[in-house]
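Structure, as C-alpha coordinates:
The values are calculated or read from the model by the stated rules, or taken from the named source; none is laboratory data. As the structure is a computational prediction, the values presented were derived from the model and not from experiment. Glycine gets a Cβ as well: all are built from the backbone with ideal geometry, and neighbour counts include every protein chain shown. Side chains are part of the model used for accessible areas, which takes the heavy atoms of the whole protein and leaves out ligands, DNA and RNA. Shrake-Rupley method; radii C 1.70, N 1.55, O 1.52, S 1.80 Å.
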Amino acid sequence: QVQLVESGGGLVQAGGSLRLSCAASGSIFSSARMDWFRQAPGKQRELVASISSGGVRNYIDSVKGRFTISRDGAKNTVYLQMNSLKPEDTAVYYCAAYSIATYYWGQGTQVTVSS
(Lines give C-alpha, C1' and ligand atoms only; values in the text may rest on other atoms or scores of the structure.)
Protein backbone atom coordinates (compact mmCIF):
# COMPACT_ATOMS: atom_id res chain seq x y z
CA GLN A 1 0.00 0.00 0.00
CA VAL A 2 1.28 3.44 -0.93
CA GLN A 3 0.99 6.35 1.47
CA LEU A 4 2.05 9.91 0.80
CA VAL A 5 2.33 12.45 3.61
CA GLU A 6 2.88 16.11 2.83
CA SER A 7 4.27 18.73 5.16
CA GLY A 8 5.68 22.23 5.04
CA GLY A 9 2.69 24.32 4.10
CA GLY A 10 1.73 27.50 5.91
CA LEU A 11 1.22 31.23 5.71
CA VAL A 12 3.88 33.40 4.13
CA GLN A 13 4.10 36.95 2.83
CA ALA A 14 4.48 37.63 -0.85
CA GLY A 15 8.10 37.27 -1.88
CA GLY A 16 8.76 34.67 0.77
CA SER A 17 9.69 31.01 0.50
CA LEU A 18 8.37 27.64 1.61
CA ARG A 19 9.59 24.10 1.11
CA LEU A 20 7.03 21.33 0.83
CA SER A 21 7.98 17.75 1.57
CA CYS A 22 6.21 14.54 0.66
CA ALA A 23 7.30 11.32 2.33
CA ALA A 24 6.30 8.14 0.52
CA SER A 25 5.88 4.68 1.99
CA GLY A 26 5.66 1.56 -0.11
CA SER A 27 7.89 0.22 -2.83
CA ILE A 28 6.98 2.39 -5.81
CA PHE A 29 8.90 5.54 -5.03
CA SER A 30 12.03 4.62 -6.96
CA SER A 31 10.11 3.92 -10.17
CA ALA A 32 7.29 6.43 -9.90
CA ARG A 33 7.02 9.85 -11.43
CA MET A 34 6.40 12.25 -8.57
CA ASP A 35 4.13 15.23 -9.07
CA TRP A 36 3.00 18.29 -7.18
CA PHE A 37 -0.50 19.53 -7.94
CA ARG A 38 -2.37 22.47 -6.48
CA GLN A 39 -5.98 23.48 -6.24
CA ALA A 40 -7.13 26.99 -5.47
CA PRO A 41 -10.70 27.72 -4.31
CA GLY A 42 -13.12 27.54 -7.21
CA LYS A 43 -10.46 26.31 -9.63
CA GLN A 44 -9.49 22.97 -11.10
CA ARG A 45 -6.55 21.04 -9.76
CA GLU A 46 -3.46 21.73 -11.84
CA LEU A 47 -0.13 20.00 -12.22
CA VAL A 48 2.56 22.36 -10.99
CA ALA A 49 5.74 20.31 -11.27
CA SER A 50 6.84 16.77 -11.91
CA ILE A 51 10.04 14.77 -11.67
CA SER A 52 10.58 11.43 -13.33
CA SER A 53 12.34 8.49 -11.76
CA GLY A 54 15.36 9.53 -13.82
CA GLY A 55 15.27 13.10 -12.57
CA VAL A 56 13.68 14.86 -15.56
CA ARG A 57 11.79 17.91 -14.31
CA ASN A 58 8.84 19.77 -15.77
CA TYR A 59 7.03 22.89 -14.57
CA ILE A 60 4.06 24.96 -15.53
CA ASP A 61 5.05 28.33 -16.96
CA SER A 62 3.76 30.33 -14.01
CA VAL A 63 6.26 28.78 -11.59
CA LYS A 64 9.31 28.40 -13.79
CA GLY A 65 12.31 30.08 -12.23
CA ARG A 66 10.61 30.23 -8.83
CA PHE A 67 9.84 26.62 -7.89
CA THR A 68 12.20 23.65 -7.85
CA ILE A 69 11.16 20.03 -7.54
CA SER A 70 13.63 17.43 -6.29
CA ARG A 71 13.62 13.90 -4.94
CA ASP A 72 15.73 11.98 -2.46
CA GLY A 73 15.69 8.24 -3.06
CA ALA A 74 17.37 7.44 0.24
CA LYS A 75 14.54 9.17 2.10
CA ASN A 76 11.70 8.28 -0.30
CA THR A 77 10.84 11.97 -0.27
CA VAL A 78 10.03 14.55 -2.90
CA TYR A 79 10.36 18.26 -2.28
CA LEU A 80 8.97 21.44 -3.76
CA GLN A 81 11.07 24.50 -3.00
CA MET A 82 8.94 27.57 -3.62
CA ASN A 83 10.60 30.98 -3.80
CA SER A 84 9.31 34.44 -4.66
CA LEU A 85 5.83 33.36 -3.71
CA LYS A 86 2.86 35.32 -5.01
CA PRO A 87 -0.71 35.58 -3.72
CA GLU A 88 -1.85 33.61 -6.78
CA ASP A 89 0.19 30.65 -5.52
CA THR A 90 -2.30 30.28 -2.67
CA ALA A 91 -3.82 26.79 -2.88
CA VAL A 92 -3.90 23.36 -1.36
CA TYR A 93 -0.83 21.53 -2.65
CA TYR A 94 -1.02 17.79 -3.25
CA CYS A 95 1.77 15.32 -3.74
CA ALA A 96 1.09 12.46 -6.13
CA ALA A 97 2.93 9.38 -7.28
CA TYR A 98 2.23 8.12 -10.78
CA SER A 99 3.08 4.51 -11.51
CA ILE A 100 1.64 1.91 -13.88
CA ALA A 101 -1.19 4.21 -14.98
CA THR A 102 -2.29 4.81 -11.38
CA TYR A 103 -2.16 7.94 -9.26
CA TYR A 104 -1.61 7.78 -5.53
CA TRP A 105 -2.42 10.96 -3.59
CA GLY A 106 -1.42 12.65 -0.42
CA GLN A 107 -3.89 14.49 1.79
CA GLY A 108 -2.75 17.95 0.77
CA THR A 109 -1.16 20.87 2.57
CA GLN A 110 -2.40 24.48 2.56
CA VAL A 111 -0.18 27.24 1.25
CA THR A 112 -1.39 30.80 1.79
CA VAL A 113 0.51 33.77 0.43
CA SER A 114 -0.54 37.16 1.77
CA SER A 115 -0.05 40.36 -0.18
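Per atom type, region 1-49 shows carbon and sulfur on 47% of its accessible surface, probed at 1.4 Å. Taking all protein chains into account, the per residue accessible area for region 17-115 stands at 50 Å² (1.4 Å probe).
The spacing between region 1-34 and region 44-113, judged by their C-alpha centroids, is 7 Å. Given the options Gln81, Gln13, Gln44, which has the most mean-square fluctuation in a GNM of the chain, springs set between C-alpha atoms less than 10 angstrom apart? Maximum among the listed residues: Gln44. How much net charge surrounds Ile51 when only other residues with a Cβ under 12 Å from its Cβ are counted (Lys, Arg +1; Asp, Glu -1)? After counting each charged neighbour, the total is +1.
Applying a DSSP loop filter and a limit of 11 other Cβ atoms within 10 Å to the trypsin sites (Lys or Arg not before Pro) in region 1-105 leaves Lys43, Lys64.
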